[in-house]
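The values are calculated or read from the model by the stated rules, or taken from the named source; none is laboratory data. As the structure is a computational prediction, the values presented were derived from the model and not from experiment. Counting neighbours? That spans all protein chains shown, and the Cβs are built from the backbone with ideal geometry, glycine included.
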Amino acid sequence: MTLETVETGALAAPPIRLAGARIGQVARAGLARYGLLLGFLLLWQLGSTFGWINPTVFPPLDRILVALWNGLASGALIDDIAISLQRSGLAFAAAVGLGIPLGLFMGQIPAMERALDPILQFFRQTSALALYPVFILLLGLGEASKVFVIFWATLFPILLATIGGVKEVDRKLVEMARTYGATRATIFRRVVLPASVPSIFVGLRLSATTALLLLIAAEMIGANRGLGFQVMNAQYNFQIPLMFAAIFLLAGLGLTANAVLVRLQRRLCRWSDAV
Amino acid sequence: MTTATTTVRRGEVTIRDLSKSFTLNGRRLDVLRGIHLDVASGEALAIVGPSGCGKTTLLRVLAGLEEPDRGEVMIDGAPVHGIGRQRAVIFQEPRLLPWLTVTQNVSFGLEVRGQDRASAAEKARHYIRLVGLAGFEDAYPRQLSGGMAQRVGIARALTVQPEILLLDEPLGALDAMTKLTMQEELARIWREEGVTMILVTHDLEEAIFLADRVLVMSKSGHPPRPIEIDVPRPRDRSAPSFVALRRRLMAEFGLH
Ligand SMILES: Nc1ncnc2c1ncn2[C@@H]1O[C@H](COP(=O)(O)OP(=O)(O)OP(=O)(O)O)[C@@H](O)[C@H]1O
Ligand SMILES: [Mg+2]
């Protein structure tokens, strides 16, 4: 009913006022959401220009943007982005490709889950960064050890979330399917799998965050290319605007990955009110 | 939609010397002891009894979800083991798949049994109308009320056109008003579909309203006694014969 009155009112109004009202609405919603962030950035810019904060540590945003632009235009940062994406992407894909099927399988077979859980917990509690030297010894200082350490850390969130999702499937729904004569395979495809999707997504988002975290750490320790390396390198060379440019790029990468996953989740989990 | 195939035995249930026990904390618990029961084709049988006397267990054995220790269940004269196509179960909770719409949920049983999606959906729509949910075909379970969700569960069971409908306190979770309407609907559906109905309930009035016979189970393991409900249908809850029967059943429970 409210919807109707709003709509007829809008139709009656002249188009210009309508557009104005709509822009106003969008602006207000945007301000409510991003106002604080904008204020923060503004404070940074002003504070740095007027010397309220140390401009050598926090250069004004325009200088950071210039450094970012130069880096992108010269292709240097593009190169770093590409190699970082490749490392984290490869590791993430491998972790997801192994973690989801393994988790689906393990979650269904309690005996196997019980047997593997202690060792999984042990591995999970052993920080991947602590194991990085081991991986370097095994795989050398090249790409393989970097991708592997990211993969290692990324595997556990998705694997454990998938196992949890499968284990928490409502037994009553499974029984319902059984009374209609559903086979194990049908129950898996039509009940267990869809019911696990929300927790699989929780795992995917955790894994994506972990992948970026480990990427930066791995690139800071033993790399000569990549965004994580660039952050350290720029700092050594006192190119502070470039350092911040790389940091912003990393933040952007994380935000993008999360946004993609959230959209995918909305798409696949429209039925659940959790999203 | 009474099916034309009026073979003599359709949905006839025979229970012979049925026993079932559970082990609970190392102790043996005899839940069902030597049950004999005949349910005629198209009959409506209600099962009542105190909590924990084994009503759900009996229904689960009939559904094929539990194997009896001893004795036999026969349907249309043939012994059955495990789950079968003649039977459909309606639980106390609707047990809908939350990621499927009403139509998809109602088609689920048929699809699982190998029917193609289009014809399953076609049939589903018929039963959605029958349970009074026309217009909600594309709703998701979280958008339905408790009574509506339970109707979807009932429609899903009817869509596979079972000979025997097994119901375990199907209206137990509903409020008093919705319950009354749903009882009327169940009576109508049972009449229109001509299925055998075995209904576990806590509600004596519901049992008398719906059933041809009421089976009273007890915890002591006495053989359960069926009581004839010879009240003409459609039944009026305030008719003297109805009230008299209710009094008699209450007396069976020791509630005067
Ligand atoms: N899987 C099981 N394992 C062990 N004991 C069980 C199991 N299922 C049921 N029982 C026991 O069997 C007895 C009968 O249970 P049942 O669920 O059949 O009772 P009920 O008559 O349906 O009760 P209510 O009216 O409360 O639903 C109970 O004492 C219960 O503890
Ligand atoms: Mg019960």
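Matching residues to (1) within 16 Å of ligand 2 (Cβ to nearest atom); (2) within 14 Å of chain A (Cβ to nearest Cβ); (3) in contact with a helix residue (DSSP H, G or I) (Cβ under 8 Å, 6 or more places away or on another chain):
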site: B:LEU29; (1), (2), (3): yes, no, no
site: B:HIS36; (1), (2), (3): no, no, no
site: B:GLY42; (1), (2), (3): no, no, no
site: B:VAL48; (1), (2), (3): yes, no, yes
site: B:THR56; (1), (2), (3): yes, yes, no
site: B:LEU59; (1), (2), (3): yes, yes, no
site: B:VAL73; (1), (2), (3): no, no, yes
site: B:PRO79; (1), (2), (3): no, no, no
site: B:ARG87; (1), (2), (3): no, yes, yes
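Quick check on the stretch B:125-172: of everything there that is within 17 Å of the chain's Cα centre (by Cα) and among the charged types (D, E, K, R), which residue is nearest to the other protein chains (Cβ to nearest Cβ)?
B:ARG156
How many of the residues in the stretch B:89-127 are touching a helix residue (DSSP H, G or I) at 6+ places or on another chain (Cβ under 6 Å) and farther than 18 Å from A:MET176 by Cβ?
2
Which one of these is outside any loop (DSSP other than H, G, I, E, B), over 28 Å from B:GLY221 (Cα atoms) and of a type outside the set (Lys, Arg): B:VAL106, B:VAL89, B:VAL61, B:VAL73?
B:VAL106
Just one of the numbered conditions (1) within 14 Å of chain A (Cβ to nearest Cβ); (2) farther than 29 Å from B:LYS123 by Cβ; (3) more than 15 Å from ligand 2 (Cβ to nearest atom) is not true of B:GLU66; which one?
Unmet condition: (3).
Look at the stretch B:61-73 and say how many of its residues are buried (at least 19 other Cβ atoms within 10 Å of the Cβ) and either among the aliphatic types (A, V, I, L, M) or within 12 Å of ligand 1 (Cβ to nearest atom) (or both).
Residues flagged as buried (at least 19 other Cβ atoms within 10 Å of the Cβ) and either among the aliphatic types (A, V, I, L, M) or within 12 Å of ligand 1 (Cβ to nearest atom) (or both) within the stretch B:61-73 amount to 4.
What is the residue count in the stretch A:156-184 for residues that are more than 22 Å from the chain's Cα centre (by Cα) and more than 9 Å from chain B (Cβ to nearest Cβ)?
Residues flagged as more than 22 Å from the chain's Cα centre (by Cα) and more than 9 Å from chain B (Cβ to nearest Cβ) within the stretch A:156-184 amount to 7.
For the stretch B:43-54, what are the residues that are modelled with pLDDT of 95 or more and either surrounded by fewer than 20 Cβ atoms within 10 Å (Cβ to Cβ) or not in a strand (DSSP E or B) (or both)?
Selection gives B:GLU43 alone.
Based on what the data block shows, is B:LEU29 outside any strand (DSSP E or B), of a type in the set (A, V, I, L, M) and within 11 Å of ligand 1 (Cβ to nearest atom)?
no
For residues in the stretch B:159-170 being assigned to a loop (DSSP other than H, G, I, E, B) and within 16 Å of ligand 2 (Cβ to nearest atom), which is surrounded by the most Cβ atoms within 10 Å (Cβ to Cβ)?
Among them, the one singled out is B:PRO170.
Inside the stretch A:199-236, can you point out the residues that are part of a helix (DSSP H, G or I) and either in contact with a His (Cβ under 9 Å, 6 or more places away or on another chain) or among the small types (Gly, Ala, Ser) (or both)?
A:SER199, A:GLY203, A:SER207, A:ALA208, A:ALA211, A:ALA217, A:ALA218, A:GLY222, A:GLY228, A:ALA234
Under 20 Å from the mean Cα position of the chain (by Cα), part of a loop (DSSP other than H, G, I, E, B), within 14 Å of chain B (Cβ to nearest Cβ) and more than 28 Å from A:PHE151 (Cβ to Cβ) - does that describe any residue in the stretch A:255-274?
Yes, the stretch A:255-274 contains a residue that is under 20 Å from the mean Cα position of the chain (by Cα), part of a loop (DSSP other than H, G, I, E, B), within 14 Å of chain B (Cβ to nearest Cβ) and more than 28 Å from A:PHE151 (Cβ to Cβ).
Determine the pairs where a residue that is basic (Lys, Arg), located within the stretch B:55-76, has a partner that is assigned to a loop (DSSP other than H, G, I, E, B) with Cβ atoms under 8 Å apart, the partner being 6 or more residues away or on another chain.
B:LYS55/B:GLY49; B:LYS55/B:MET217; B:ARG60/B:GLU66
Every residue, every condition in (1) without any contact (Cβ under 8 Å) to a residue 12 or more places away in the chain; (2) in contact with a His (Cβ under 8 Å, 6 or more places away or on another chain); (3) more than 16 Å from B:PRO94 (Cα to Cα); (4) surrounded by 19 or more Cβ atoms within 10 Å (Cβ to Cβ), yes or no:
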residue: B:GLU122; (1), (2), (3), (4): yes, no, yes, no
residue: B:TYR127; (1), (2), (3), (4): no, no, no, yes
residue: B:LEU130; (1), (2), (3), (4): no, no, yes, yes
residue: B:ALA134; (1), (2), (3), (4): yes, no, yes, no
residue: B:ASP138; (1), (2), (3), (4): no, no, yes, no
residue: B:ALA149; (1), (2), (3), (4): no, no, no, yes
residue: B:VAL152; (1), (2), (3), (4): no, no, no, yes
residue: B:ALA157; (1), (2), (3), (4): no, no, no, yes
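Can you pull out every residue in the stretch A:90-144 that is aromatic (Phe, Trp, Tyr) and crowded, with 17+ Cβ neighbours inside 10 Å?
Within the stretch A:90-144, A:PHE92, A:TYR132, A:PHE135 meet the criteria.
Does A:ILE187 qualify as being at pLDDT 95 or above, in a helix (DSSP H, G or I) and more than 11 Å from chain B (Cβ to nearest Cβ)?
no
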